[in-house]
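Take a look at the structure below.
No lab work stands behind these numbers, since they all come straight from the coordinates. Since the model is a prediction, treat every value here as computed from it, not as a measurement. We place every Cβ from the backbone using ideal geometry, glycine too, and count neighbours over all the protein chains shown.
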Amino acid sequence: MKKIPIIFLAVLIQAIAFGCLVALVWLLPLLIEPPYNPLFLSLIMGLMATLFSYLIKLPKWWLWLQLFFPIIAYLVIREELNPLYGLLIFVLLLLIFSNSFVNRVPLYLTNTKTRLALSKLIKDLSEVNFIDLGSGLGGNVVYMFKQPQVKTSVGVETAPLPYLLSKINCFLNGGEIYAEDLWTTSLQNFNLVYVFLSPQPMPKLWQKIVVEMDKDSVLVSNSFSIPGVTPSEIWELSDRRKTNLYIYYLKDFKK
Ligand SMILES: C[S@@+](CC[C@H](N)C(=O)[O-])C[C@H]1O[C@@H](n2cnc3c(N)ncnc32)[C@H](O)[C@@H]1O
């Protein structure tokens, strides 16, 4: 079954939470005399939406959105803010997070400890052609570009604003960024592929990897392993979030 995009689930949950709030306000006079503070009611709605989102296991950062959405919506209405501000914020979020809505891959960034681990991984290699599939703001591409063993450092990114910022970043600091969908990007010219995506695309990604990558190449996945495929190595990093790097040497998987 095709998975429902998170944005639809989130909106549906807000609608259900609103329905519950209406029922609550209808029953509440039996216990507490009205009127009720609207800010307090919007907080209750936010808490219900957060609980429902938690129960259906929406990603953690969506729980915060679900909590604050009714409160912000109430404040916007109360202060009679120009709805264009809302539209502007929505468009901005869409330009940054469009891939969260469609591909279930939000934007979060690789940290310095992970980048150091990548440079350790390649330290004995003589020629590295690196690609970051879903390259965010281009930080990894620039970092890898500066490693002496790296011959090419490339990123592909489809979210408009991260693409634009990473293009500027690479223009100033090195590396190449393309506005290209990772699913249509050929991996044949790369011997080090890096991904930091989400659990959702990993099975499909593996099918692409085994077809397109050479035997002597490596896939590194930050935080998300490939279901049913035992990685060649797992590096647990000593950063705050105890990042796991799942390393797949293609020679272990291709005859
Ligand atoms: C978790 S972020 C990682 C960013 C960067 N690789 C890093 O590690 O700092 C994932 C990125 O993949 C991008 N992305 C998701 N699906 C994509 C697709 N089909 N093609 C290209 N980029 C995609 C998202 O827009 C997001 O910027």
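Can you tell me which residue in the range 53-86 is farthest from residue 6 (Cα to Cα), limited to those that are surrounded by 13 or more Cβ atoms within 10 Å (Cβ to Cβ) and β-branched (Val, Ile, Thr)? Looking at the filtered set, the residue picked out is 76. Return the total of residues in the range 167-183 being in contact with a helix residue (DSSP H, G or I) (Cβ under 7 Å, 6 or more places away or on another chain) and surrounded by 19 or more Cβ atoms within 10 Å (Cβ to Cβ). Number of matching residues: 4. Among residues of the range 141-159 being over 20 Å from residue 111 (Cβ atoms) and near the ligand (Cβ under 8 Å from one of its atoms), the one that is surrounded by the fewest Cβ atoms within 10 Å (Cβ to Cβ) is 158. Summed over the range 220-233, the residues that are surrounded by fewer than 18 Cβ atoms within 10 Å (Cβ to Cβ) and more than 23 Å from residue 139 (Cβ to Cβ) give a count of 6. Looking across the range 42-62, the residues that are touching a residue at least 24 places away in the same chain (Cβ under 8 Å) and of a type outside the set (Phe, Trp, Tyr) come down to 42, 43, 45, 46, 48, 49, 53, 56, 58, 59.
For the range 160-198, residues that are in a loop (DSSP other than H, G, I, E, B), within 12 Å of the ligand (Cβ to nearest atom) and not hydroxyl-bearing (Ser, Thr, Tyr) total 7.
For the condition closer than 28 Å to residue 60 by Cα, crowded, with 17+ Cβ neighbours inside 10 Å, polar (S, T, N, Q) and in contact (Cβ under 8 Å) with a residue 12 or more places away in the chain, residue 217 does not qualify.
Which ones in the range 124-140 are within 12 Å of the ligand (Cβ to nearest atom) and either under 10 Å from residue 109 (Cα atoms) or polar (S, T, N, Q) (or both)? Before the answer, list the steps.
Taking the range 124-140 first, the residues within 12 Å of the ligand (Cβ to nearest atom) are 130-140.
Listed by number, the residues that qualify are 135, 136, 137, 138, 139, 140.
A search for C-beta distances below 6 Å between a residue of the range 112-139 that is under 13 Å from residue 218 (Cα atoms) and any residue that is within 15 Å of the ligand (Cβ to nearest atom) and among the hydroxyl-bearing types (Ser, Thr, Tyr), counting only pairs 6+ apart in sequence or on different chains, returns 130/153; 132/194. Only a single item in (1) within 13 Å of the ligand (Cβ to nearest atom); (2) in a helix (DSSP H, G or I) is not met by residue 224, and it is number (2).
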